[in-house]
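**Student:** Below is the structure I would like to discuss, written out as structure tokens.
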Amino acid sequence: MSSLSDPVSVLKGVGQRRQIALNKLGIDTINDLLTYFPRRYDDLSLKDLSTALDGEKVTVKGIVITAPTVVFFGRKRSRLSFRLKINDDIYNVTFFNQPWLKRQLSLESEVIVFGTFNQSRNQIQGMKILSQNQNDAYDSIYPANKEVKQATIKHLIKLAFEAYGGQLVDIVPTSLRKKYRLESFHDTIQNIHFPESPIAAKKAFRTAKFMEFFLFAMKIQILKVTRRQEDPQAQIKYNPQLIQSFKDQLSFQLTDSQNKVSHEILTDLQQPLAMNRLLQGDVGSGKTVVSAIAILATISAHKQAAIMAPTEILAEQHANNFAKMFAKFNVNIALLTGDTSAVARRAMLPRIKDGEVNLIVGTHALFQDQVTYDNLGLAVIDEQHRFGVHQRQALRKKGTSTNMLAMTATPIPRTLAITMYGDMDVSIINELPKGRKPIKTSWITSAKTEAAIRFVKKQLQSGNQIYVVTPLIEESEAVDMKNAVAIYERFKAIFEPNFSVGLLHGRMSNDEKDQAMVDFKNNQFQVLVATTVIEVGVDVANANTMLIFDADHFGLAQLHQLRGRVGRGSTQSYCILIADPKNEIGKKRMKAIASSTDGFFLSQKDLELRGQGDITGLKQSGMPDFKVADPVGDLNILTVANQEAREIAIDRNWQKKPENVQLAQYLKFNQTITTD
């Protein structure tokens with residue numbers, strides 16, 4: 001019995017060679033072929049050139065009034081030329097590198113030409129000659145290669161649709177199709193490949209986009225439900241009075257946002273379900289104290305908590321911060337990193353194994369084989385995007401029913417949060433602690449660098465410290481950008497001996513990097529010239545100014561991350577961007593970062609201006625590939641599809657409803673999403 005999963009080789013004209021060529025385009029089955037969508041359409045309806053715009057693609061019909069000639073020049077290059085009479089006007093027509101078209105032309109014959117109209121030259125640069133029997137007003141143009149031509153793809157799609165069109169059943173429930181005025185799957189495929197008008201194609205693509213987002217969202221919801229199976233061992237029966245005592249003894253008041261996300265996390269921990277939550281918040285928004293509440297709640301239920309940081313210096317900072325915060329509580333902290341000595345490790349491991357140590361802070365060392373936990377109830381991952389899927393899972397698996405709290409200071413726009421973290425519950429801290437002043441950001445061109453240096457000197461004279469950031473470590477012949485070593489030497493000449501200048505970059509050893517940050521924190525030097533290794537680093541409250549050279553070479557999200565290294569104290573902080581962007585997009589990006597301190601707005605803007613693949617720190621995170629849907633441009637459709645999928649999945653018996661039968665069947669055979 002035939003099915004949409006049949007190989008394309010069942011179609012007439014698809015032998016072994018053609019099948020291999022189609023496979024290279026990602027076309028293995030009939031379903032792949034029918035969902036191999038056009039990248040654009042050409043309007044083949046005849047155009048009156050008196051109303052045509054310069055540079056517009058047009059279809060015209062006329063009489064060939066000069067003998068077609070072909071001139072060859074260079075290797076495999078040619079120009080076919082003739083004159084075409086359309087009504088009473090004469091136009092020059094040229095075709096490049098298609099000499100064989102001459103056989104389709106003869107003097108005094110009528111011909112239909114599709115090409116680009118050049119108004120000033122009264123010329124048409126031809127793209128193709130159309131048949132006199134051409135019926136389609138709109139021609140679908142597909143991604144092709146040297147082995148499989150456009151005509152072949154179109155022919156095979158037509159064959160497949162004629163033979164298998166009746167098997168295109170509706171997967172999206174009828175109620176949703178009515179609610180959003182979506183087409184049937186059969187009509188969607190027909191109107192995408194063989195549209196009668198641009199409106200028909202647009203409507204069909206709208207349905208295809210919704211369907212693609214909706215099916216992805218349903219897979220995520222199923223994954224989420226699978227993970228959220230009842231698990232009594234995951235439940236944290238914490239002491240609410242202890243948590244209140246902890247909040248009361250803090251030297252500051254939690255913001256409304258911190259209270260809200262703390263409540264979300266504590267509610268999760270009380271459930272007999274393993275928590276899988278992402279905590280988002282800008283640098284300095286107070287994620288650490290929120291994680292401290294989750295950690296103390298876990299410990300109060302006689303379980304262990306672990307927090308994993310990407311660098312040893314950050315792990316050490318966490319250990320020191322938690323030691324201060326938990327000074328009045330029964331919390332035994334151990335710091336376990338690659339730098340931990342063999343003697344200290346030997347003494348520490350048995351205490352972790354028997355539960356005497358109930359908070360373990362560290363780096364990748366936390367999930368090494370020789371580290372055994374007594375009862376790991378909570379795993380906190382700081383700067384979670386710096387760890388791979390397997391690393392995060394390795395720590396979680398150190399316990400039997402471990403709750404997971406992943407934290408990130410990289411503001412993830414809704415687009416990415418929905419598609420990449422749809423299986424996680426998301427908490428957002430969207431306000432800064434009271435007393436924090438927004439960082440004043442300005443963009444200047446390199447011509448004004450001296451003015452920026454004078455400003456830096458004033459800040460140093462007032463007792464503040466300065467970060468100077470550059471994209472490159474050493475000078476590159478290929479790229480004309482400022483480099484850390486050259487700036488370091490220049491700033492030493494300007495500021496020493498009155499102020500000391502330090503250097504920090506990625507090629508230094510971990511010990512050297514850590515020492516540079518410790519020295520800067522202790523005010524051993526007042527100016528730190530660095531590459532992006534400071535993006536996630538130690539808090540230096542005295543650093544109030546950041547100077548970023550060649551700022552247009554960083555993503556907006558990364559610039560926002562870098563900027564967050566200042567503004568840690570109560571004094572007014574500044575960020576000066578020095579950039580000479582080469583195009584309008586570059587200028588828009590600089591204006592955006594200078595005008596906003598909202599990380600979520602900036603990360604969404606970065607997606608819109610640069611595309612999802614270029615977001616620093618997110619490229620490796622597994623953004624799904626969609627055939628027709630664009631998570632950035634089609635954000636509204638994505639949001640609606642995601643919401644509808646959630647509404648369906650809330651009902652545990654959704655698969656049994658008659659209108660969901662085809663959806664359930666499809667998902668049963670296409671549940672291919674894997675995340676951590």
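**Student:** Provide Rg and Dmax in Å for region 249-316, with only Cα atoms included in the calculation.
**Tutor:** According to the Cα coordinates of region 249-316, Rg and Dmax are 12.8, 35 Å.
**Student:** Which percentage, to the nearest 5, of the DSSP beta bridges contained in region 91-182 is antiparallel?
**Tutor:** So the antiparallel bridges in region 91-182 amount to around 70 percent.
**Student:** Where a ≥ b ≥ c are the square roots of the eigenvalues of the C-alpha gyration tensor, would you call region 122-234 rounded, which needs a/c under 1.5, or, failing that, prolate if a/b is larger than b/c, or oblate?
**Tutor:** prolate
**Student:** Keeping every protein chain present and rolling a 1.4 Å probe, give me the accessible area per residue for the chain in Å².
**Tutor:** With the other protein chains kept in place, the chain gives 48 Å² per residue.
**Student:** Next up: Please report the antiparallel percentage of the DSSP beta bridges confined to the chain, to the nearest 5.
**Tutor:** Here the antiparallel bridges make up roughly 40 percent for the chain.
**Student:** Okay, moving on. Set the bar at 19 Å for Cα to Cα. Now go through Lys24/Lys76; Lys61/Lys128; Lys202/Lys627 and name every pair that lies beyond it.
**Tutor:** Lys24/Lys76
**Student:** I've got another one for you. Can you list which of the trypsin sites (Lys or Arg not before Pro) found in region 46-75 are DSSP loop residues with at most 11 other C-beta atoms within 10 Å?
**Tutor:** Taking region 46-75 and a limit of 11 other Cβ atoms within 10 Å, the loop trypsin sites (Lys or Arg not before Pro) found are Arg75.
**Student:** Right, another one. Quick one: compute the contact order of region 301-401, relative version, from alpha carbon pairs under 8 angstrom and 6+ residues apart, as a percent.
**Tutor:** Rounded, it is 40 percent for region 301-401.
**Student:** Going by average Cβ density within 10 Å per residue, which order do the peptides 331-337, 76-82, 86-92 take, highest to lowest?
**Tutor:** Highest-to-lowest ranking by the protection proxy: 331-337, 76-82, 86-92.
**Student:** Can you sort His186, His553 by solvent-accessible area, 1.4 Å probe, largest first?
**Tutor:** His553, His186
**Student:** Sticking with this structure for a sec: Take the alpha carbon gyration tensor of region 1-58, find the square roots of its eigenvalues, order them as a ≥ b ≥ c, and report rounded if a/c is under 1.5; if not, report prolate when a/b exceeds b/c, else oblate.
**Tutor:** Prolate shape, in that a/c is at least 1.5 and a/b is the bigger ratio.
**Student:** With every protein chain left in place, what is the accessible area of Phe205 in Å² (1.4 Å probe, nearest 10)?
**Tutor:** For Phe205, the solvent-accessible surface is approximately 40 Å².
**Student:** Among the trypsin sites (Lys or Arg not before Pro) within region 624-667, which fall in a DSSP loop and have no more than 16 other Cβ atoms within 10 Å of their own Cβ?
**Tutor:** Listed in order of number, the matching sites are Lys627, Arg652.
**Student:** Setting aside same-chain residues fewer than 8 positions from Lys582, which aspartates and glutamates have a Cα under 13 Å from its Cα?
**Tutor:** Straight-distance partners of Lys582: Asp480, Asp550, Asp552.
**Student:** Nothing charged except the Cβ atoms of Lys and Arg (+1) and of Asp and Glu (-1): what's the magnitude of the dipole of the chain about its Cα centre? Round to the nearest 20 debye.
**Tutor:** 600
**Student:** Shape verdict for the chain, please, from the Cα gyration tensor: rounded (a/c under 1.5), prolate (a/b greater than b/c) or oblate.
**Tutor:** Here the chain falls in the oblate category.
**Student:** In a shell of Cβ-Cβ distance under 14 Å around Val148, excluding Val148 itself, what net charge do Lys and Arg (+1) and Asp and Glu (-1) give?
**Tutor:** +3
**Student:** What trypsin sites (Lys or Arg not before Pro) does region 160-202 have in DSSP loop regions with at most 15 other beta carbons within 10 Å?
**Tutor:** Arg181
**Student:** Arrange the peptides 519-526, 229-236 so that the one whose residues have, on average, the most other Cβ atoms within 10 Å appears first.
**Tutor:** Put in order of decreasing packing, that is 519-526, 229-236.
**Student:** Which value, in Å² and to the nearest 10, is the accessible area of Trp100 when all protein chains are kept and the probe is 1.4 Å?
**Tutor:** Counting only protein heavy atoms, the figure is 130 Å².
**Student:** Let me ask something else about it. By a straight-distance test (C-alpha under 22 Å), which lysines pair with Lys324 as possible cross-link partners, with residues fewer than eight away in the same chain excluded?
**Tutor:** Hits, sequence-local ones excluded: Lys247, Lys287, Lys303, Lys434, Lys521.
**Student:** Let me ask something additional. Applying the Karplus parametrisation 6.51 cos²θ - 1.76 cosθ + 1.60 with θ = phi - 60° to the phi angles of region 148-165, what ³J(HN,Hα) value in whole Hz is obtained for each residue in order, glycine and proline being reported as x?
**Tutor:** 10, 7, 3, 4, 5, 4, 4, 4, 5, 5, 4, 4, 5, 5, 5, 7, 10, x
**Student:** Could you tell me the accessible area of Tyr666 in Å² (1.4 Å probe, neighbours in place), rounded to the nearest ten?
**Tutor:** Looks like 60 Å² after rounding.
**Student:** Of all accessible surface on the chain at a 1.4 Å probe, what whole percent is carbon and sulfur?
**Tutor:** Taking all protein chains in place, the chain shows 49 percent carbon and sulfur surface.
**Student:** Over the chain, what is the mean sequence separation of C-alpha contacts under 8 Å (at least six apart), divided by residue count, expressed as relative contact order in percent?
**Tutor:** 12
The values are calculated or read from the model by the stated rules, or taken from the named source; none is laboratory data. Keep in mind that this is a model prediction, so the values were computed, not measured. Here the Cβ is made from the backbone with ideal geometry for all residues, glycine too, and neighbour counts use every protein chain on show. To get the accessible areas, we keep the full protein, side chains included, count just its heavy atoms, and leave off ligands, DNA and RNA. Shrake-Rupley method; radii C 1.70, N 1.55, O 1.52, S 1.80 Å.
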